[in-house]
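So the structure is just underneath, and the comments pick up after that.
The values are calculated or read from the model by the stated rules, or taken from the named source; none is laboratory data. Predicted model, so just to flag it, every value in this text is computed and none were measured. Note that we place each Cβ from the backbone using ideal geometry, even for glycine, and neighbour counts take in every protein chain shown.
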Amino acid sequence: MKRRIIKQGHKTLTMTLPSEWVQKLNLKQGDEVDVVENQGSLIINGKQNGEHKSAVIDITGFSVPMIWRFFQSAYREGYDEIKLVYDKNQKDYEGVYAYYTSQFEYRRMGEKPPKRAALEMFQELVNRFIGIEIIDSKENYCIVREMGEVSSKEFDNSLRRIFLLLLELFEKINGLIKNNEVGDIKICKTIHQMDINVDRFIDYCCRINNRINDSTFQKNKPSMFATLFLLELLGDEFKYIGAHLAKSKKNVNEILPFAERVKEHFEMYYRLFYKFDRKTAIEFGENDFRIYNDHFKWKESSNKDGQSISRHLMQISKFIFCLMELRIEMEF
C-alpha cells in the first residue's frame, strides 16, 4: 500500500496509518508504537507484546525426539501458552532430558535408562526451558505458560552467559585431557549436563529474538539466529569429546596443545564479537591456518582416541570460523 507524505508545520512530515491495521490492533490517539529504522525502510510495530499466543501440541504417537522438537519450536517461536495433549492410556515414556545419550552412550556403558510417567516426563521437559512452568494438568493434557516478560536486556545477559558457559566447557575438557582423566561414565554425564545449560540459554535467546521487534534487534536478526544455531552445534561437539574420554583406555594428554589452540581461537572470536577490530581479525585468520595444519599431524597419529578427539576439536574450529563470518557481516 502507498501513503502520501503530508507537511505539518515548518519541518515535520507526517503520514496516515492504514485504518484496518489500526482497528485490528485497537490503537487509539495517544498510544505508542515502535518505529524501527532498517536501512531504507521504516517498520511500525503496534503493541508488539500485547498479543497472547497459544499453541496445542498433540504428542500421541510421537517419539521422544519428536516431542522435543515440537515443544522446542513452539517455545522458540515465542508462544505464551502451550497445551500438551497426550494418550492417557500410555503409562510411561522415555526420559527427555538426555534421550540420545541415555539410549546410546550410557546404555553402551552399562546403564539402563529409566521410564517416566507422562506428567513426570513433561515436568522434566519444561524444566529444561527458561521462564515457563506447568500451571495446570488433567488426565490427558497439561498447560505450560510463560511466567514473566522478555526484554532486550535479558537477551544481552543470556547471550553473554552462553559464551561464558562455552568457555567453562573448554576449561573442563582441556583439564580432563591434561590430567588424562578417562574411562569413567561420570565424565560423559558432567559434560552433557554443562551442554544442556548452554542449550537452555540458546533457546531462551531464540525466544526473545522472536518476541522483540524493536530497533535493537531488527538489523542483525538473521545473523543472530544463525549465530545461536552455530553456538548450539559447537556446544554439542563437547558431548562427543566427553563420550570419547569416558570410553578411552589410553593416554590422551598429548593432544592438549591442539585443544589449547582451539580454545584460544574461541577466546579470540569471543573478544571480537563484543569489540571488533581489524588487527585481532587478521590474527584470527592466521590462527585458523595454524589449527588446520596442526590437525593434519593428528590425522596420521596411531593414538586412535586422540585422533577421534582431534576430529571434534577441528569441527569446533570450523564452527568458530563460520561464527566469525557472521560477526564480520554484522559490521556492514
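Quick check: is even one residue across segment 221-232 surrounded by fewer than 21 Cβ atoms within 10 Å (Cβ to Cβ), over 17 Å from the mean Cα position of the chain (by Cα) and modelled with pLDDT under 95? The answer is no; no qualifying residue exists. Checking the stated criteria, N293 turns out not to satisfy the condition of being touching a residue at least 12 places away in the same chain (Cβ under 8 Å) and either within 23 Å of H192 (Cβ to Cβ) or assigned by TED's automatic domain parsing to the domain that holds F170 (or both).
Checked against (1) at pLDDT 85 or above; (2) surrounded by fewer than 16 Cβ atoms within 10 Å (Cβ to Cβ), E81 meets all criteria but (2). Being under 20 Å from the mean Cα position of the chain (by Cα), buried (at least 19 other Cβ atoms within 10 Å of the Cβ), assigned to a helix (DSSP H, G or I) and modelled with pLDDT of 85 or more is the requirement here; does F122 meet it? So F122 does not fit the description; no. Among residues of segment 316-329 that are polar (S, T, N, Q), those with a Cβ under 6 angstrom from a residue that is surrounded by 20 or more Cβ atoms within 10 Å (Cβ to Cβ) and in a helix (DSSP H, G or I), sequence gap 6+ or separate chain, pair up as S317/V262; S317/H265; S317/I291.
G175 meets the conditions (1) of a type outside the set (V, I, T); (2) out of contact with any Ser or Thr (no Cβ under 9 Å at 6 or more places or on another chain); (3) under 26 Å from F332 (Cα atoms) in every case but one. The failed one is (3).
Screening A243, A281 for residues that are over 29 Å from E181 (Cα atoms), surrounded by 13 or more Cβ atoms within 10 Å (Cβ to Cβ), out of contact with any Ser or Thr (no Cβ under 7 Å at 6 or more places or on another chain) and among the small types (G, A, S) leaves exactly one candidate, A281.
A count restricted to segment 168-188 and to residues that are surrounded by 17 or more Cβ atoms within 10 Å (Cβ to Cβ) and out of contact with any helix residue (DSSP H, G or I) (no Cβ under 8 Å at 6 or more places or on another chain) stands at 0. Looking at G183, G242, just one residue is more than 30 Å from E331 (Cα to Cα) and part of a helix (DSSP H, G or I), and that residue is G242. Taking the criterion of being of a type in the set (D, E) and in a helix (DSSP H, G or I), the residues of segment 146-175 that qualify are E154, D156, E168, E171.
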